Structure formats: structure tokens, C-alpha cells
Amino acid sequence: MRYISTRGSAPVLDFAGVLLAGLAEDGGLYLPETWPGFSPGEWRAMRGLPYPELAARVMAPFIGDAVPPDTLRSITTAAYAGFNHPATVPLVQLDRGLFAMELFHGPTLAFKDMAMQVLGRLFDHVLTARDARVAIVGATSGDTGSAAIEACAGRARVDIAILHPHGRTSDVQRRQMTTVTAPNIRNIAIEGTFDDCQDIVKSLFADAPFRREMHLSAVNSINWARITAQIPYYVAAALALGAPDREVAFAVPTGNFGNVLAAWVARRMGLPVARLIVGSNHNDILARFLTANDMSVRPVLPSLSPSMDIQVSSNFERLLFEALGRDGAATAAVMAGFRATGRMAVPDAAWRGLGGVFTGFALDDAATTAEIARLYRETGYLADPHSAIGIAAARAARPDPAIPVIAMATAHPAKFPEAMRAATGQDCPLPPRLADLFDRAEHFDVLPNDPAAVAGALRALVGRNRAG
Ligand SMILES: *Cc1c(COP(=O)(O)O)cnc(C)c1O
């Protein structure tokens, strides 16, 4: 499989190249040159497969010969062996024709584990084949950093440094990063905000000699390999509810648009998906776009669902490229205009085309709390604030009562104890294997808000591990 950039002027790469590159050299995002698909008979043959086996089958056409099929199957098997549920991604019925698919049974209790656990192992495979190493550096305010650390801990060819703003993360989220011990991990608390952390990461990547010396790489959600690993659970849910012989719809709580883009890809591959409902909190740029073609940036306001506190959804560019007929120059021009003006000018015909598939939905914090309370009262189900937005979106915007709708449940409620207690009066205990999280020792270094200090720490980590 060959990959091209959404902006049309970066080198064509294979899957391994895309995995290591992340962003394309022209500033665009990589996408497959052609979309693979499965026939109805091929979908039917996947019904009832164990999840890791299904995942390997669905991912295989995107990976091509970068990873042999047997190796891919061992990678997905190992990736999901650490999940805390025998079904990996259990489907829970909440109402007539309304389901939640739980994507949060991995080691960090959020859906980022679904892709990250596969990604860490893909890195190992591809780097071993090339006899190379990488240093991953990233900034996090929440789920991505802990999922990346869990996925990379102890990997032979990867060093990883994750920056978080000192004293400004939730205790659960920080401890999920800082209590992991392995010689290839470095947690760095920056004396600054999350934006300061991101600026430091950007300046390290902008320093070309340093980037080459360190073999810097990223695992943020623009990495195509992450999208690939998020397609299979849409297939699993649809097949369980009757596809390919029955249509389904999905509702997805959305931030960077990676998760719902994976659902769109599953549809593009021939899965009968009648509608994709995009859920947002009060940071509602996607809902405004889908209802009124108004993609205009406003300040990000904190909410009960912090992983969706985003204004510019980086993966949207992939969908834009498709909506513009895969015209890289046109995509680059729209993105340049967006950056310059804070408003994305999407031609009306392209916007109407997207409206045939996507529905936008936004819920503020008070309504999110009310939805968590209602669900608990009526069904006993405890949905975290992100998942509750997905479930509310599924109820509000389902296309047809005859079409089952599946809401993606993206985080375990125990990650958000205050919000859950406020809505339900219930304490949500951490699952058994994380029950001692608050007794474990934390490891992190506090560094000033200065790229040179972080560069020094990274050089020390990489130097020690490359020396063996
Ligand atoms: C990352 C995240 C999201 C948003 O996913 P995107 O792929 O960025 O749209 C939603 N919920 C939770 C709990 C997350 O961690």
C-alpha cells in the first residue's frame, strides 16, 4: 500500500515510512493512495472472530508487506492480551436499538490504548527490520501521554519523553504516567502550561540537526497507523448487529477527529454505515461546521470532557481532502486560509456532501451531567463525561429507529471521579489492577519552561540507552 499527502507534494511512502514519519514533509497528512475494501462475503466471514484476529484482518490491507500477516496477528494478539475484558471491546445495550461499545478496558482506561498498544509493537517490528531506533517526544494534558508511555515502556528500540504541565494535570492522569517504570521512559514536568509544553515539543522538532541526531518521532493522532488500528472496532460492532446485511450508525465523542475518521474509513471500505454522529462539548466547532458550514475558531474553554477541549481537529484535513475530490493543491489552499483567518472556507458542494454522512451534535457541561444522571437512574450504567456525550448524540440524532446506533464509550468512569460523583452520587472505584495507583511511587523531573533543558534531558536518556 502506498501513501500520499493531503497537500499533494510530499514523497509517496509505504506503511512503515508513514508510521515513522507522522506528519508529511509538505505539512499534510498521509492517506492511502486507494481505499481497500471487503465484499459482503468477506465481511460475513469475519463474524465471531476473536477481536485480535479480526483486527489483524481489517488492518492487513493498509499495512501491505510492511509486516507479514503472521507477525501482524502476533502483534494484535499481544496488544490486546493486556485488556481487562475477555471481549476486548464489549458491546452494552442501553435501550432499544441503542448500544455502547466500551473501548476503555486497556491499561490506561481510555480508548487511546486501542491504537497505542498496537503502535508500540509496530514500531519495534519496523525498527528491528531497519536496525534503527527512535526517540518519541510529546506533550500531554491527559490520555495520550499515558497511553503512549504504557505502549512504549520497555520497548527495545524506542525512547520516550513525555512533557506535562507541572501541577496542572489530574492526579489519576499524572500518576498513570509517572508510576510506570522502565529505563526508556522519562516523565518531565514543565514549569508552565500545556501550551508551553507543546511549544517546547514544536521547537525541538523544528531544530532539524537535533531532530536527525535524536531520530525524533511522534505518536500524536495525525499518525496514520493510529487511525488504522481504530478501524477494526467499528467492524466488530457492525458485524455483531447484523452487518453487512443490516445498516448501522455510529455516534463518536470527538476531539481531533481521529476516532470518527476511522469510522468513516470503515464505511469507505464497504461497511454499511448509514450515519456518523459527531459529539462535541461546548467547544463545538465541529457541530457548528456540520450544521451551518461555520468552521470558525473560538477560544478553547475547559469542560468536563477534557479530551475533547479542542478547536482545531487535526484529522479533519483528511476528510477535507476527500470532500475536495482528493485535490492536494485545493486542500493546501483551504488549510492556508484557515490558518490565516481562523475560518475554514469549505465550498458548499463539498459541505453538502459531508452532510450526507455526518451529523454534528454538541452538549454543554450541565446537559452532560444530566445525561450521566439519567443513564444511571434508568439503566444503572455509569458513563464517563466523554462517553455520555456520545450516548446523548446517539439518542438525539439517530437516523431511523430501525437502524441500530452504537455510541463509542471512550473512557472508564473511574478516570473522572468528581464528575461521576456530582452526577450520580456514586464513587467509581478504579479497576483492581489500578487500585493501588495512589500508593505507587512517582518518577518525574521538574524542568524549567526552556527547550534547551528538555533537549539536554532527552540527549541524556537517548545517549544512555543507545550506549546499551
Ligand atoms: C482522545 C479522546 C477523545 C477524542 O478522540 P479523537 O480521536 O481525538 O476525536 C474522546 N474521548 C476520550 C476519552 C479521549 O481520550
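Here are the numbers for this structure:
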| item | result |
| --- | --- |
| Subset of the stretch 326-340 [part of a loop (DSSP other than H, G, I, E, B) and in contact with a helix residue (DSSP H, G or I) (Cβ under 8 Å, 6 or more places away or on another chain)] | ASP327 |
| Filtered residue count, the stretch 282-306, keeping only those that are in contact with an Asp or Glu (Cβ under 9 Å, 6 or more places away or on another chain), touching a residue at least 24 places away in the same chain (Cβ under 8 Å) and either of a type in the set (A, V, I, L, M) or open to solvent by 40 Å² or more (accessible area, probe 1.4 Å) (or both) | 4 |
| Qualifying residue in the stretch 406-423 (condition: away from the ligand (no atom under 16 Å from the Cβ), of a type outside the set (A, V, I, L, M, F, W, C) and surrounded by 14 or more Cβ atoms within 10 Å (Cβ to Cβ)) | no |
| Strands (runs of 3 or more DSSP E) within the stretch 352-466 that include 3 or more residues not acidic (Asp, Glu) | 358-362, 405-409 |
| Of residues in the stretch 255-285 being more than 23 Å from LEU304 (Cα to Cα) and small (Gly, Ala, Ser), the one nearest to the ligand (Cβ to nearest atom) | ALA262 |
| Test set (1) at pLDDT 95 or above; (2) within 16 Å of the ligand (Cβ to nearest atom) - ALA329 fails condition number | (2) |
| Subset of the stretch 199-225 (residues that are within 16 Å of the ligand (Cβ to nearest atom) and touching a Gly at 6+ places or on another chain (Cβ under 8 Å)) | ALA218, VAL219, ASN220, SER221, ILE222, ASN223 |
| Of all residues in the stretch 375-405 being open to solvent by less than 50 Å² (accessible area, probe 1.4 Å) and of a type in the set (Val, Ile, Thr), the one that is farthest from the ligand (Cβ to nearest atom) | ILE403 |
| Residue in the stretch 9-27 that is surrounded by fewer than 18 Cβ atoms within 10 Å (Cβ to Cβ), closer than 30 Å to VAL180 by Cα and at pLDDT 95 or above present | no |
| Matching residues in the stretch 226-254 - criterion: being of a type in the set (Gly, Ala, Ser) and either more than 13 Å from the ligand (Cβ to nearest atom) or under 19 Å from VAL92 (Cβ atoms) (or both) | ALA236, ALA237, ALA238, ALA240, GLY242, ALA243, ALA249, ALA251 |
| Answer from GLY255, GLY279 - the residue that is buried (at least 23 other Cβ atoms within 10 Å of the Cβ), touching a helix residue (DSSP H, G or I) at 6+ places or on another chain (Cβ under 9 Å) and at pLDDT below 95 | GLY255 |
| Residues within the stretch 101-151 that are surrounded by 21 or more Cβ atoms within 10 Å (Cβ to Cβ), assigned to a loop (DSSP other than H, G, I, E, B) and among the hydrophobic types (A, V, I, L, M, F, W, C), tallied | 4 |
| Residue list for the stretch 203-228, filter: within 22 Å of ILE310 (Cα to Cα), open to solvent by less than 10 Å² (accessible area, probe 1.4 Å) and among the small types (Gly, Ala, Ser) | ALA225 |
| Count of residues meeting criterion [assigned to a loop (DSSP other than H, G, I, E, B), in contact (Cβ under 8 Å) with a residue 40 or more places away in the chain and among the hydroxyl-bearing types (Ser, Thr, Tyr)] in the stretch 175-213 | 2 |
| Checklist (1) closer than 28 Å to ALA147 by Cβ; (2) without any contact (Cβ under 8 Å) to a residue 60 or more places away in the chain; (3) open to solvent by 20 Å² or more (accessible area, probe 1.4 Å) applied to ILE372, failing item | (3) |
| Any chance ASP143 is within 16 Å of the ligand (Cβ to nearest atom) and modelled with pLDDT under 95 | yes |
| Filter result (surrounded by 21 or more Cβ atoms within 10 Å (Cβ to Cβ) and over 21 Å from LEU241 (Cβ atoms)) within the stretch 40-65 | ALA56, MET59, PHE62, ILE63 |
| Qualifying positions in the stretch 296-323 - in a loop (DSSP other than H, G, I, E, B) and within 13 Å of the ligand (Cβ to nearest atom) | SER303, LEU304, SER305, ASP309, ILE310, GLN311, VAL312, SER313, SER314, ASN315 |
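The values are calculated or read from the model by the stated rules, or taken from the named source; none is laboratory data. Bear in mind the structure is a predicted one, so any value in this text is a computation, not a measurement. FYI the Cβ positions are ideal-geometry reconstructions off the backbone, even for glycines, and counts take in every protein chain you see. Just so you know, the surface numbers come from the protein's heavy atoms only, side chains and all, with ligands and any DNA or RNA stripped out. Shrake-Rupley method; radii C 1.70, N 1.55, O 1.52, S 1.80 Å.
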